[in-house]
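Participant: Got a structure for you, written out below as structure tokens; questions coming shortly.
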Amino acid sequence: MVNHFSQFTISATTATLAVTLLGSSAFAGTLVPQEEGELDVGFGCLETCIALPDLISSIESLTDSTTGAKSRLFVDDVTGSANTYTDGTDTVSFASVDAGTNSSGFWYRPVDTDEENGQLEVGTFKFTFTKMLSELIVGFFDTERSGETGVVSINDVAVDDYLAKGPNSNVQSKSFYDVSSITLKLGYDDWTLINGKENTGDGVNFRLATAVPEPASVLGLGAVAVLGALGLRKRSA
């Protein structure tokens with residue numbers, strides 16, 4: 001079971017984030033693939049699947065409480081070119097620059113395929129690791145709705161650990177210890193019309209990292225590269 005966690009919120013500026021992380025010995029290795037593409041979370045990929053990081057044995061998409069469906073999971077870098085993934089029937093498209101919140105770096109990007117052609121980042125995923133991680137850091141990007149994004153379970157033990165609402169472009173990060181698996185709930189689906197305008201809910205992207213070098217963590221990066229200068233885009237109410 002998890003022994004302890006700590007939480008802190010970082011404002012959406014590269015300078016602030018860099019100073020905060022460089023002042024700590026944490027964040028030794030990213031657990032996010034350093035390439036764009038889709039991950040197999042239980043039902044294949046629209047095109048070719050990219051490989052999981054060495055320390056992740058599987059990612060399973062679970063039925064999300066706000067969509068009632070399972071989501072796809074991608075890795076995306078908003079500073080790259082626009083991407084379109086299709087199997088000829090279903091299509092997910094990411095613009096190079098979104099009309100919403102943007103930044104840089106590789107982030108896990110959930111996709112509620114029923115909304116906005118991939119523009120609403122909502123989903124629930126179980127990550128299982130190849131070994132017990134002594135410390136796991138989870139960073140959530142741009143959570144703007146309280147009580148909807150957070151950790152559902154750790155090591156198959158249910159927890160109720162949800163984030164508070166943060167300012168625009170916030171990153172809220174939590175550290176967990178002795179983790180073999182973790183289930184995350186991301187974002188909130190709220191497709192409604194308010195004064196004639198579409199209200200899509202709260203889209204949230206995320207990153208995982210190890211705080212101390214693990215033997216299999218071949219993607220070890222510096223502190224700024226791990227949780228970076230914030231990343232991707234989201235749509236919020």
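The values are calculated or read from the model by the stated rules, or taken from the named source; none is laboratory data. Computed from a predicted model, the values in this text were never measured in an experiment. In this analysis, Cβ positions are derived from the backbone assuming ideal geometry, glycine residues included, and neighbour counts consider all displayed protein chains. The protein model used for the area step is the full one, side chains on, heavy atoms only, and it has no ligands, DNA or RNA in it. Shrake-Rupley method; radii C 1.70, N 1.55, O 1.52, S 1.80 Å.
Participant: Do we have any residue at all in the range 161-169 that's in a strand (DSSP E or B) and at pLDDT 90 or above?
Facilitator: Scanning the range 161-169 turns up at least one residue that is in a strand (DSSP E or B) and at pLDDT 90 or above.
Participant: Next question. Identify the single condition in (1) at pLDDT below 90; (2) outside any strand (DSSP E or B) that Ser146 does not satisfy, given that it satisfies every other one.
Facilitator: Among (1) at pLDDT below 90; (2) outside any strand (DSSP E or B), Ser146 violates only (1).
Participant: Give me the pairs, please: first residue somewhere in the range 84-95 and of a type outside the set (Lys, Arg), second residue anywhere and assigned to a loop (DSSP other than H, G, I, E, B), beta-carbon distance under 6 Å, and either six or more positions apart or on two chains.
Facilitator: Tyr85/Leu46; Tyr85/Glu47; Thr86/Leu46; Asp87/Leu46; Ala95/Ala82
Participant: I'd like the full set of residues that are in contact with a Gly (Cβ under 7 Å, 6 or more places away or on another chain) and farther than 17 Å from Lys126 by Cα, limited to the range 151-174.
Facilitator: Scanning the range 151-174 gives Leu163, Val171, Gln172, Ser173.
Participant: Just wondering, is there one or more residues in the range 95-107 that are farther than 17 Å from Leu208 by Cβ, at pLDDT below 90, out of contact with any helix residue (DSSP H, G or I) (no Cβ under 9 Å at 6 or more places or on another chain) and among the charged types (D, E, K, R)? Quick ask: steps written out before the conclusion?
Facilitator: Let us first name the residues in the range 95-107 that are farther than 17 Å from Leu208 by Cβ, namely 95-104.
Among the residues that remain, those that are also at pLDDT below 90 are: 95-104.
Checking the rest, the ones that are also out of contact with any helix residue (DSSP H, G or I) (no Cβ under 9 Å at 6 or more places or on another chain) come to 95-102.
If we keep only those that are among the charged types (D, E, K, R) as well, we get 98.
Yes, that holds for at least one residue.
Participant: Now a separate question. For the range 152-171, give me each residue that is touching a Leu at 6+ places or on another chain (Cβ under 8 Å) and surrounded by fewer than 22 Cβ atoms within 10 Å (Cβ to Cβ).
Facilitator: Step one: filter the range 152-171 for residues touching a Leu at 6+ places or on another chain (Cβ under 8 Å), giving 152, 169, 171.
Scanning the range 152-171 gives Val152, Ser169.
Participant: What strands (runs of 3 or more DSSP E), lying completely within the range 4-71, carry at least 2 residues that are closer than 21 Å to Ile137 by Cα, open to solvent by 70 Å² or more (accessible area, probe 1.4 Å) and at pLDDT 90 or above?
Facilitator: Passing ranges: none, list empty.
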